[in-house]
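Asker: Dumping the structure here so I can ask a few things about it.
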Amino acid sequence: MLKNKNSNYLCAVLLLCSCALCRADTIVLKEGQSLTGDILAEKETFVYMDIGVEVLKIPKEKILEYEYTFGESTLQIKDANVNMFGAETDEPVQPPSQLYRTASLPKTTIEKCVDTFSEAVVKVSSPAGMGSGFFINEQGHLITNYHVIERETKIEVTVFQKAKDGFEKKKFKKVKIEAINPFIDLALLKIEDLEDAMVTYAYLGDIERIKTGEEVFAIGNPLGLERTVTNGVISTKNRAFEGLVYIQTNADINPGNSGGPLFNLAGEVIGVTNMGYIFFGGLGFAIPIDYVKHFIENRDAFVYDKDNPNTGYKYIQPDRRRNKAEPESLKEDAKQE
């Protein structure tokens, strides 16, 4: 049985070597063969590549190096311990405990960034409403706003994956709330029924490297209009509200965008959109990505506990007294005195 598997694998390699595909993504095997196609995703022990007629599941132990083309630039990675798309990471191998991924990606156009990273953006729904979110790793962890899931535990995540004639929706209903921070309006979720489904995740950028006037774009589901892209610039990177600093942008941010990513032209997430003025265009706000990193890194301090009423729930204040007259009991007490 093992021999047949290896034979099929080698046949596939030989077939690939004779094909000339237009996409420049390349995987070089340790045995010397070169595979060309679209690098789709990376799991713990496998890399998935679309060669046009089928998707190959390539063991990472057989890979010598990646050669990935992003836009007009080529990134070469000398081992298989890299993230999705073969992008060069700031750290050679990021520790497993670090849920999010970073990368040094070349700047390109909005069109190319959307084509590469739009699948990382999801719709987050609950009985109270809906918003947006985005994957931060291949295990199904995603970030959204706290107010999108506030006081809700029945959460559904809709993933939009590229298909032959557009996008295909996949809904996941087994979603766990991992951590919440109402003060900065962030929530960390995880899809528990992901199984073997492949997801695209987004890389987190660095607030220190962004500049006022820099072009940015948002992807989300404003007013339920799925996968909407809006663009603008960074109006200011440090607008203060109630003791917190926000990125201000003139990219349109509307209800439904909440929890979605604000990207730079490298396709890195630099903020999480959470506020906008409906009747005043050009006033949108996003939580800076450094707040997001701090929240994820210290998630143990914000862990969600369904049995603790102080995590994820706000108590409703009792109604005011309708009869404002002095109670009769107080009148009687006053007479006795």
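Asker: In segment 167-182, how many residues are in a strand (DSSP E or B) and free of Cβ contacts under 8 Å to residues at least 60 places away in the same chain?
Answerer: Result for segment 167-182: 7.
Asker: Another question, then. Run TYR201 past the list (1) surrounded by fewer than 22 Cβ atoms within 10 Å (Cβ to Cβ); (2) aromatic (Phe, Trp, Tyr); (3) not in a strand (DSSP E or B) and report the number of the one that doesn't hold.
Answerer: (1)
Asker: Which number in (1) in contact with a strand residue (DSSP E or B) (Cβ under 6 Å, 6 or more places away or on another chain); (2) modelled with pLDDT of 95 or more marks the one condition that GLY284 misses?
Answerer: With (1) in contact with a strand residue (DSSP E or B) (Cβ under 6 Å, 6 or more places away or on another chain); (2) modelled with pLDDT of 95 or more applied to GLY284, the lone miss is (2).
Asker: If you scan segment 208-241, which residues turn out to be touching a Lys or Arg at 6+ places or on another chain (Cβ under 7 Å) and not in a strand (DSSP E or B)?
Answerer: Correct list: ILE210, THR212, ASN221, GLU226.
Every residue, every condition in (1) among the polar types (S, T, N, Q); (2) free of Cβ contacts under 8 Å to residues at least 60 places away in the same chain; (3) more than 17 Å from LYS112 (Cα to Cα), yes or no:
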residue: LEU188; (1), (2), (3): no, no, yes
residue: ASP206; (1), (2), (3): no, no, yes
residue: ILE210; (1), (2), (3): no, no, yes
residue: PHE217; (1), (2), (3): no, no, no
residue: GLY224; (1), (2), (3): no, no, yes
residue: ASN238; (1), (2), (3): yes, yes, yes
residue: GLU242; (1), (2), (3): no, yes, yes
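Asker: Within segment 144-187, can you find the residues that are farther than 25 Å from PHE285 by Cα and basic (Lys, Arg)?
Answerer: Passing the criteria: LYS154, LYS162, LYS164, LYS169, LYS170, LYS171, LYS173, LYS174, LYS176.
Asker: What is the residue count in segment 272-284 for residues that are crowded, with 18+ Cβ neighbours inside 10 Å and within 14 Å of GLY232 (Cα to Cα)?
Answerer: 3
Asker: Only one of these is assigned to a loop (DSSP other than H, G, I, E, B) and either under 24 Å from VAL157 (Cβ atoms) or at pLDDT 80 or above (or both): LYS293, LYS306, LYS324. Name it.
Answerer: Among LYS293, LYS306, LYS324, only LYS306 is assigned to a loop (DSSP other than H, G, I, E, B) and either under 24 Å from VAL157 (Cβ atoms) or at pLDDT 80 or above (or both).
Asker: When the residues of segment 92-103 are narrowed to those that are exposed (fewer than 15 other Cβ atoms within 10 Å of the Cβ) and closer than 21 Å to ILE27 by Cα, which ends up modelled with the highest pLDDT?
Answerer: VAL93
Asker: Kindly indicate whether any position in segment 249-271 is over 25 Å from VAL159 (Cα atoms), surrounded by 15 or more Cβ atoms within 10 Å (Cβ to Cβ) and not assigned by TED's automatic domain parsing to the domain that holds SER132.
Answerer: Looking for residues that are over 25 Å from VAL159 (Cα atoms), surrounded by 15 or more Cβ atoms within 10 Å (Cβ to Cβ) and not assigned by TED's automatic domain parsing to the domain that holds SER132, one finds at least one in segment 249-271, hence yes.
Asker: List pairs: first in segment 113-127 and surrounded by fewer than 19 Cβ atoms within 10 Å (Cβ to Cβ), second assigned to a helix (DSSP H, G or I), Cβ under 9 Å, 6+ apart or cross-chain?
Answerer: Close Cβ pairs (under 9 Å, with a partner that is assigned to a helix (DSSP H, G or I)) amount to SER126/VAL148; SER126/ILE149.
The values are calculated or read from the model by the stated rules, or taken from the named source; none is laboratory data. Please read these numbers as outputs of a predicted model, since none were measured by experiment. As a convention, Cβ positions derive from the backbone with ideal geometry for all residues, glycine included, and neighbour counts pool all protein chains shown.
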